Every structure is written in C-alpha cells, then in structure tokens.
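Comments concern the structure below.
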Amino acid sequence: MTLRVRALAFLALIAVLATACAGSPTPGGGTGASAAPAAAKVAYGGTVTFAMNSDITDMDPMQSGLFVDRHLMYAMYDSLVRVTPKGDIIPWLAEKWTVSPDGKSYTFNLKTGVKYHDGSAFDAESVKWNLDRYRLTKDSRRTGELAPVDTVTVVDPATVKVDLKTPFAPFLSQLIDRSGMMVSRKAVEAGGADFTRKAFKAGTGPFILTEAVKDDHYTFEKNPDWWGKAANGDKLPYLDKVIIKPITDGSVRLTNVLTGQVQATNAITGKDVPSVKANPDFVYQEIAGLGYNSMYPNRSKGFLFEEGRYVKAVSIALDRDEILAKGPAQGVGTVGYGPIAPSHSAFDPNFKPFAKPDIAGAKKLVADVGKGPLKFEMLVSSGDAGTLQLAQLIQSQLAKADITMDIKTLLFNEIVKLQNDHKHTGLTLINWSGRTDPDGNVYDFVYTGRPNNNSAYSNKEVDKLLDDSRTATDNAKRKDLLLKAQQIFVVDDPALIWYSYQAAQLLTAKNVQGFAVFPDQLPRFETVSLKK
Amino acid sequence: MTQYILRRLLLMIPVAFLVTVGIFVLVRLAPGDPVLTYAGENNDPVTIAYIRAQLGLDQPLPIQYAAWLSKALQGDLGRSLQTKQRVVEAIGERLPATLELGAAAILISVVVALVVGTLSALKRNSVLDLVTTSVTLAGVSFPNFFLGLILILVFAFVVPGHLFPPGGYVAFVADPGDNLRRLVLPAITLATASLAVNMRQVRSSLIDVFGLDYMRTARAKGLHEGAVIARHALKNALIPVVTIIGIQIGAIIEGAFITETIFFWPGVGRLAVQAIPSQDYPIVQGVVLISALSFMFSTLLVDVLYAVLDPRISFGAAEA
Amino acid sequence: MFARRNPRMVVGATLIAMLLFVAAFAPIISPYDPVKVDVAESLLPPSGTHLLGTDDLGRDVLSRVMWGARVSLSVGLISVLIGFLVGVSIGMAAGYLGGTFDLLAMRVIDALLAFPALVLAIAITAALGPQIQNAMIAIGIVAIPGYARLTRGQVLSVRAREFVVAARTVGVPPIGIVLRHIFPNITNPLVVQATLATAFAILAEAALSFLGLGPQPPYPSWGQDINYSQRYLANFYWWMSFGPGVAIFVAVFAFNFLGDALRDALDPRLRRSG
C-alpha cells in the first residue's frame, strides 16, 4: 500500500477508527460457504445502499493503490481464498490447496463451472493469466505482494501450481485480497486504459457492476449464477441490488444513514458513536482492526533521529491515551505500541512498553545523548485539519518533556518525496490500514532497504528474526519470532513510533441482516438481506 | 466592429500563450514527485523510472511543454496520473454540477441585484439607498467560506426539519427535488460574494444612464416618461446585466474552488483542489487552463456586448 | 469637519486602528496563551472564563483571534507592499517608456489578469509551498496588475502635461521626471487602490489559510481556525468559527469602508455617481 493510501486511509480513519471491544459479537457469520445468518428463513430481494468515506480511483486490482477501492472489489470479484472475521483463511475460488513439505510449492484445486460475468470461463489458464499479469506487468501495484512467486503452472483446467523462490509463510494471505482476485481477461483486454474505471462484467463475484458514476455511486446487480451458498443451504446472494456511494463528509454520511437514504456505512466519527449506539433503529458493530497509526523518524546517517535514544525519548514522552481520546480518533480504536494489531493471531496483549508517559525518562534520554535540548520538526500535510490537530496535540505533550517539536505544513506529495528519499529531518505521520497477516504490517516497514522502510531503519537482528519468521512453517514459532523482533524495533532500538490501533466499524439499519464486520473494515454483501 | 473583435482576438493569442506557459511552470514548480505517489507500494527505482518514462516526465521541461501544448491544441489534455481518466472527460463529468451551481448563483445574484440596485438608484440618498450601499460593502467583506459554514450550521441546528442538507450532490436526473434542495445553500453562498458588487454596479450605471444627454433629449422631445424608459432605459438596463454576468463568471470560477469544497459539491473546482496535494499535473493544468480561458473569453464577450449596448463606447479606443 | 463630511472614513479608520492595537498588544491584552493546549478544557462554549469559548485542544478562542490579527494584518500590509512596489514600477516604466517594453509588460499583466485572482493566489502558493511567506508573495503577485494598469494609465495622462514636457526639455533625466513630477500626481488613486487591495489581501489570506495554505500551526490564523472547526459541523461547536469569522469580516470591512471613503474624498474622477 502506498503512502498515499496510508494517508487516505488515515483520512478515512479519522472517521473509521473504532474502539476494539474484545467481546464484540460478529453476527451473521460472514462469508459464502461458511455464512450462517441466524434466521431460519431469509427473504430474498431488495436493495442496500452502502456509504464509504471517499471515492475510489481504481477497479482493476492490478492498478489499485487505495484502501477504498477494495469496497467495490469484494462485491464484484472473487479471490482464490478468503478470510473469516477471525482471520482464518478459507477456500473460495480455490476449493482446496496443498503445500509441499519444503513450503515452496502450492497446488490449488479450483472450483469448476464458474463463469465471469461476461460469460468467459474461469479456469486454471485464467488463474495463471491473472497471477502473471499481477506480478509481471511493469507498473503493476501487486508485484511486491507476489515477489516470492517463481512460476505459475497450469496442471490441468482445474489445477494450478505456484512455485515460490523461497518458502514464504504469508503467501496464502496475499491471495485473499487484490493479488488473488480473478478478473476476466476478455474484459481487461476490451477495456484497455479505461478498464480500471469501467470494469463492468469483469469478475465472478456475487454482484455484477452495472453502473459507475464517479463521485456519486456504483450500482451492482445480483449475479444469479453465483456459486456461493449460505450455511443453511440458501443460494447467495440475497439482495437484488447493491449501491455503493462515496460520501466524504462524516456528518453528511451519518445524516444519510439516519434519514434512510443509506442503509449501511463503515465510517462513523468518534463523536457520533455514542449517539448511534443508543439509537434503537440502528445496529452498530465495532471490532479490532488490522491497521495502526504511527510516526516516522528518519534514522538515516547524519540525521537527528539517527540517534535511537531520541526516537525513544519521543516515544516514551507521548501520552497515548490522550492522543486516542482527544486526537482525531476521538476515542475510537485502542492505544497501541507496535505494528502487530489486536486482531492478528500474533498479537500479544501484554506488550505495553509505554503504558504511561515517562517524562523524566524522556528528559534523561535526551540528557544522556549530551547534545543539548531535543528540537525537530514534524511534517504535516497541509489542509488536513485532523492531522494538524493531532500534530499540535503531540507538540504540547512533547513540550512537557522539554522537547521542541515545530510543525511544518507541506503539500502531501512533498512529504512523500522527502520520506522516500530519506530526507525528512524530523517526524512524519503515517497510518497503515493493515494486512491480514502481520508480516504485511511489519516486514516492509522495518526490514533493511525495503521500499516502504521510510525511516531507513536497519537492524541486523531484526532482519534475521523477520527472515526466519517468513520461512517458519509453524505458527507458534512465527509468532514468537515476530514478537522478539517487535521488542527490538519498538523498545530497544525503535524504528517507528506507533501510538494506536485502528478498529473496524459497521453501522446498519435495523432491517438489514447478515451484515458482518471484518477486521479489514470491508463490507461483504453476499450474506446481507433485508428483513421483510 | 468586426475589426474590433478581430483585434481583441489577436491580442488574446500572446496572452493565452503566456497563460499556458505560466500554468505549466507553476504546476511543476512545486517540490515533490507525482511519480512516487503514482508508483505507490512499488517504489523501487526501476519501476519508478519506467513509470516516469511512460508518462513522459523524464523529458526536459520545454519538450514536455511542447508535447502538452500540441495535444491541448487538439483538445486532448492528457490523462489524470491518479485515475488515468481523460482530463477532458473528468472535467466534462463535473462540469454539469459546476454549471448548475453557477447558473443558480447568477439567477439569485442578478435578480436581487437588479431589484435592489434599481430601487436604490431611483431613490438615491434615501434610507434604502444608504442601507443597501452599506450592506453591499458588508457583503463584499464577508468571507464566503464563513458564510457557507454559518448557513450549514443554521439549517442543521437552528432551523428545524433539515430543510436544506449540509452538503453533497444528487444529480438532477436522479432526483430533481433533492437536487434543488441541495443546491440552495451553496448557490446562496456563491451568489452573496458577487451580489454586493453587482448591486453597486446596477446602481451606479443606472444613475449614469438617468443623467445622460440622450435621455434628457428624449424627454425634451416630449416623449412620455414610460416611453423614455421603454425605448432607452430598457436597452441600457441590459448593460448592468451583461456586466453582472461578466463579473459573475470570474466569481463562479473562484467560488467553485471554495464553495464546492465547503459543500462537497462534485464540481470542477473541487476536482482541482483535490488534485493539488497529489500533484496530478494533467488535472491541475487542465482545470486552471480551462478556467483561465473561459475567464478571458467571458471578459471579451462582456466588452463586445458592452460596446454593442452602450452608445458611449466607440470600438476604436477599447484597448487600454 | 472632515469627519462630519465623511463618517465612513472615520468608521473605517477607527476599526483599523483598533485592529492594529489588538495586533500590536496581543501579548499583553490576550487573556490566555493562544497556543497553550489543555485538553481538559476542550470545546467549552463561551462563558465568563472563556468569552469566545475554547477549541478542540482547549485553547482560548478569543486569545487566538487576537493573535490572529497579527497574521492577517501583516499579510495584508506586506503583500500590498509587494504588489504596490512591483506594480507601480512596471506601470511607470510601461507608461513612460512606451514602445516594446510597454507592449510586452502589458501582455504579461493581461496574462496575470486572465486568471481569477483567488485561483491564481491558490496556484502560486501551492507551487511555492504552503507557507505564510509564500502566501504573502502570491497575494502580492495577484495585486500587481491592478497597480500596473492604474499607474500606466495615470502616467499616460500626466506625461503630456506642460510641466512634464517642460521638465523633459530642460534635460531632467527620465527617472527624475517620473519620481519628481509624475509620481506625486498619481498618489491619490494609488492610495485608494492600496487600501482596497489590503481588504482583498486579508480576505485572500483567510481563504488560503482555510485551504491549508497559510501559517504553520500552532500559530493562530483566522482562516485556519475556521478550517479546524469544519470537522465539527455535526456537533454544533459554533463558537470555534464564530470569533475568527467575525474578525475576518471586521478587518476586511474596515479596509473596504476606508478605501471606499478615500475614493470619494481623494479622487473625484473615480467618485461614484450620486
């Protein structure tokens, strides 16, 4: 995911962040075969309008770099595998798969008889074409996720074998989302440069995109031939039509829900959460998300934060509770310290290294360095009121530890460039919408020389632990390695300064059933129905 | 007359050239690198170089400019770096919203300005005149983004019934009633900024006209007062209207940037405001170019109409 | 007597004097530190302790409005100065020299006028970087055509007058003629122009700050503080934008009022009919 995505995701998150209540229910089951709407008899038909918090730019999974894009994709495309709200990977277009003992070869057995919305067949050939397109097209945004792939081979029309260059434990998790989404070759080739904005009839998913009006709405009609079934045997999907609307302003979005023009949204601002929770006409769900919010120091040689003790001084001086409660999250989400989020199986709830601000400790660290008071600047994207407010809050907290943080507003792109070139002098604010596998939250951000390692962090021990975690096939061992690495890159020799975890929200009208909230914050419409 | 128009058009060519150079340089002056944003996660040097070359951004600036200009002359403004949509298409999609807002603002502004301005001109130095001239100045001084906020707050919290929604856009074809309801607040906001100027314009040009020789002559010829107004003032009443619309076009383009941002109105101005931080060169260049050109042409049109309508202006001495 | 004849000028000048006073003495007269964050005090409605309430970081809105006057007035005055110096120089040179320079300079001025003023200011500030100095420069550049055209027109009309022609024939160098004989004759309309331009500059600075192209936080700026408040539209914290909004209005109004009055008093040729 790009910086831009992260920033946009952040904008979204000002609205989307939600407190992760541990015991939050996840009604309605969720996905295709495993879905289990509670009611015995579910009514078919009807239209649900869903509001997301900004407009998409790409419908082509290969081109997509924005979090919001994926709202549409889950309705129109199927991927090879999917994930449950708990984070377990389940069969989807791949009915089952086997992994070779050395962890380097994956064989997928595909569903048969599946057709794209345009009538062309989904088969092994199609899978190979899609995966090769994602990983080999020069300006594809998926090359990073599929980098471990060496070859894709068609074994027979219903079997595909993927060989990896090295064992890569998180490989399956890459196929949950865009890198595993299957698109009709015919539609892509016919669409040309416009495909990414007009991907009509391009997927095999439960809904068919029939209308796309930029900045206004996207209409999906039911795919009557979809293969998925609910746990009770019902043929899915239930709804006749789904409309997804981008509504950027939080209050406008909420008004639309309250007045019934929109039946569901996944972005509620923190200030509005108490009122929607109390409203008997609506159901508000909130679970822990996958994403985090953080600050990037520049740890390159010759820059101020090359000094790790300075990074740590800033980190321990922060009052994370106050940032969560009074910052743009307005209390939605949870306080956090590292990149491994509460909804990851590798999450350690006891990892709370900076539970209280340690002003004296911060002052001592700065004094230990012995170069006088700590003073630096934070780069903030101009015009983004939420981020500016956050920066000023952090500024006031650091001042208590005699740390002077100046705020410098720049155009968003300039910040991206400075970070990318490792030229920013102080801190930048970065948020990451998160990946189902913790590797997607960690590796690219702290491993030496990775493209998204914008803090130019390099720690041999961390690199070793992370490499081992990628090749480890045992989950407990992976968790252990990741947590060991986390202890180093958060506490001992900090790479970034993490301060909170994001949450996933879902607000639905009372008559909407079977709508589950997922940690990735994306809606799945196939199990959704309207109470008659 | 034809000669005058031709001369004005000829003079526009070097100006338009300077405008395109200015836009091109301005957009590229900003630090930062759009290719990085475009490349996204795959920001390894090879991919970045590939994308840069594909977009032609590795060429020297003069060559990029020549390529852009020659395409622009053929009506092709390129594709957005972000959405890959054709800029012409992107602008075309948003133009209806901007034009609708602009037309509504013109309507409000012209009607109110004509009525109040005429009354104020007829009853010069009356209380009404004094009030309107003061209100006029107050209006010019009112920041429209603040007015927009006040209107939103008032209709969200003070006036019951959510009469006018705080923002957002619904296409007219989709729901005419909702479309108009959403139009009211942004249109008032946009109209107010120029209303003040317009009112003053109507007042002073009517006062000028009333005092003119040919009006006096007409009266002296014994023409009935009604006939004087009908035959002479009517034609002259068009002058302020033309001027207003001329002023309004600039105000609409300007207002589009701010008013559309406040009210989440998916128009051309908002398109540009959103494209600025990510340096979507083609979009920013396209919108600014089109707004500058339409501004230039509307100014020309106003001058020509003016010359046609106002007997005092001779065509030769127009260029100052 | 002057005052009675021109109450608008008195009102305008008084308001401006008050603004200047607030800006100059903000450190002394503001009740609180405008950048002091105290989240326990955040979003309090107006009361005896905080006359205009507090913002989302618990800062006193009244104090921020007072300090914000410094930004607005200095941007207004400095950008007007930039526009004045550059615009008047171009206008004088073009009017006095004529010929090719005049032709070229006026085409550049036309090109500047081809953009709606605020759009140009936004574009320039975005290009130079979203900082307050750049906003000043941008607003200054936008103001250049007004001065340049006005000056050029005035110079053209003054140039042919006897005393200028006389000065030229006795061998006064061009620069001397311009400064000694032409400039004093065109100051009145320029003063009017500068006053009105200050009003525009303050409004433009507020708009730029509103779009995030103004001063660096936490420094108070009226436009930026209104931008902050926009996040709370659904919550009716009206006081966050009320103070800064009224302040912008008063400042712009004062300069417009004064400029309008000056136009009537100083420049009979530009006087509005009636």
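Structure notes:
- By DSSP, the beta bridges lying fully in the protein assembly as shown are antiparallel in about 75 percent of cases.
- For trypsin sites (Lys or Arg not before Pro), the sites in region A:317-409 that DSSP calls loop and that have at most 16 other Cβ atoms within 10 Å are A:K371, A:K400.
- Among the chymotrypsin sites (Phe, Trp or Tyr not before Pro) within region B:114-190, those in coil by DSSP and having at most 15 neighbouring Cβ atoms inside 10 Å are B:F172.
- Label separation (A:E306 vs C:T100): 5.4 nm, computed from points 7 Å beyond Cα along the C-beta direction.
- Of the DSSP H helices in chain B, those whose Cα atoms cover at least 24 Å axially and whose Kyte score averages 0.0 or more: B:2-29, B:87-122, B:176-210, B:234-262, B:281-309
- Note on chain A: helix-only mean residue ellipticity at 222 nm, from DSSP H runs of 4+ residues weighted -39500 (n - 2.57) and normalised by residue number, equals -8000 deg cm²/dmol.
- Distance histogram in 10 Å bins (all Cα pairs of region A:288-503, percent per bin): 9, 36, 39, 15, 1
- Shielding by partners, peptide C:123-136 (average Cβ within 10 angstrom, other chains): 5
- With Cα atoms, 0 to 90° folded angle of helix A:475-486 axis to chain A main axis: 30 degrees
- Separation between Cα centres of region C:88-122 and region A:317-361, rounded to whole Å: 57 Å
- Two-site FRET efficiency, A:A325 against C:F21, from Cβ-Cβ distance with R₀ of 41 Å, rounded to 0.05: 0.55
- Global form of region A:326-368, assessed from the alpha-carbon gyration tensor, a/c cut-off 1.5: oblate
- Within straight-line cross-link reach of A:K363, lysines at Cα separation under 21 Å, skipping those fewer than 8 residues along the same chain: A:K312, A:K352, A:K371, A:K375, A:K400, C:K36
- Nonlocal amide H pairs with A:N223, under 5 Å, H built at 1.01 Å: A:F207, A:I208
- Chain C, relative contact order [Cα under 8 Å, separation at least 6], %: 25 percent
- Chain A: angle of helix A:460-471 to the longest principal axis, Cα-based, in degrees nearest 10: 10 degrees
- Seen from B:Y50, the other residues with C-beta closer than 12 Å to its C-beta sum to a net charge of -1, counting Lys and Arg as +1 and Asp and Glu as -1.
- Point-to-point label distance, B:L95-A:D88, nm (Cα→Cβ direction, 7 Å offset): 5.6 nm
- Taking only the C-alpha atoms of region B:2-72, the Rg (one decimal) and the largest Cα-Cα distance, Dmax (whole number), read 17.4, 59 Å.
- Here each label is just a point 7 Å from Cα along the line to Cβ, and for A:K198 and A:T151 those points are 3.9 nm apart.
- Between A and B, accessible area buried - total, square angstrom, nearest 100, 1.4 angstrom probe: 3300 Å²
- Shape class for chain B, computed from the alpha carbon gyration tensor (a ≥ b ≥ c): oblate, with a/c not under 1.5 and a/b at or below b/c.
- For A:I90, the residues whose modelled amide H falls within less than 5 Å of its own, excluding neighbours fewer than 5 places apart on the same chain, are A:R82, A:V83, A:T84.
- When DSSP beta bridges are restricted to pairs lying wholly in chain A, around 75% turn out antiparallel.
- Counting only other chain Cβ atoms within 10 Å of each residue's Cβ, the peptide B:22-32 averages 6.
- Average partner coverage of B:5-14, which counts Cβ from other chains inside 10 Å: 1
- Cα centroid separation, region C:130-164 to region B:105-147 (Å): 29 Å
- With the convex hull constructed from alpha-carbon coordinates only, the protein assembly as shown shows a mean projected area of 49.5 nm² over all directions.
- Remark: relative contact order (region A:288-503) = 36 percent; criterion is Cα-Cα distance under 8 angstrom and separation of 6 or more residues.
- For the chain pair B and C, buried accessible area totals roughly 4000 Å², probe 1.4 Å, rounded to the nearest 100.
- Note on chain A: the C-alpha convex hull projects to 22.8 nm² when averaged across all orientations.
- Beta bridge orientation in region A:288-503: antiparallel %, DSSP, nearest 5: 60 percent
- Estimated FRET transfer efficiency when R0 is 30 angstrom, pair C:L266-B:F297 (beta carbons, to 0.05): 0.30
- Here region A:193-212 is scanned for amide nitrogen atoms under 18 Å from the site 7 Å beyond the Cα of B:A171 along Cα-to-Cβ, giving A:197-201, A:209-212.
- Working note: Karplus 6.51/-1.76/1.60 with θ = phi - 60° gives region A:357-367 the couplings x, 10, 5, 4, x, 5, 4, 5, 4, 5, 5 Hz, where Gly and Pro are set to x.
- Each Cα pair under 8 Å and six or more residues apart adds its separation to the average, and for chain A the resulting relative contact order is 23 percent.
- Cross-link reach list, aspartates and glutamates versus A:K408, counting only Cα pairs under 13 Å and skipping chain neighbours closer than eight places: A:E377, A:D384
- On the protein assembly as shown, 64 percent of the accessible area sits on carbon and sulfur atoms, based on a 1.4 Å probe.
- For chain C, adding -39500 (n - 2.57) for each run of n ≥ 4 DSSP H residues and dividing by the number of residues yields -24000 deg cm²/dmol at 222 nm.
- Pairing chain C with chain A buries about 2000 Å² of accessible area. This figure sums both sides and uses a 1.4 Å probe.
- Per-residue Karplus couplings for region A:208-221, computed as 6.51 cos²θ - 1.76 cosθ + 1.60 with θ equal to phi - 60°, are listed in order as 10, 5, 10, 8, 9, 10, 3, 6, 10, 7, 10, 9, 10, 9 Hz, Gly and Pro entered as x.
- Sequence-ordered 3J(HN,Hα) estimates for region A:334-342 from the Karplus curve with 6.51, -1.76 and 1.60 and θ = phi - 60° stand at 9, 5, x, 10, x, x, 7, 8, x Hz, glycine and proline given as x.
- Restraint check, A:K128/A:K477; A:K235/A:K510; A:K96/A:K138, Cα-Cα greater than 29 Å: A:K128/A:K477; A:K96/A:K138
- Accessible surface, region B:2-72, averaged per residue in Å² (probe 1.4 Å): 49 Å²
- Förster radius 41 Å - calculated FRET efficiency between C:S89 and B:R181, Cβ distance, rounded to 0.05: 0.20
- Under 5 Å, built H, 5+ apart or other chain: amide partners of A:G291: A:Q502
The values are calculated or read from the model by the stated rules, or taken from the named source; none is laboratory data. From a predicted model like this one, the values you see are computed outputs, not experimental measurements. Note that each Cβ is placed from the backbone with ideal geometry, even for glycine, and that neighbours are counted across all protein chains shown. The protein model used for the area step is the full one, side chains on, heavy atoms only, and it has no ligands, DNA or RNA in it. Shrake-Rupley method; radii C 1.70, N 1.55, O 1.52, S 1.80 Å.
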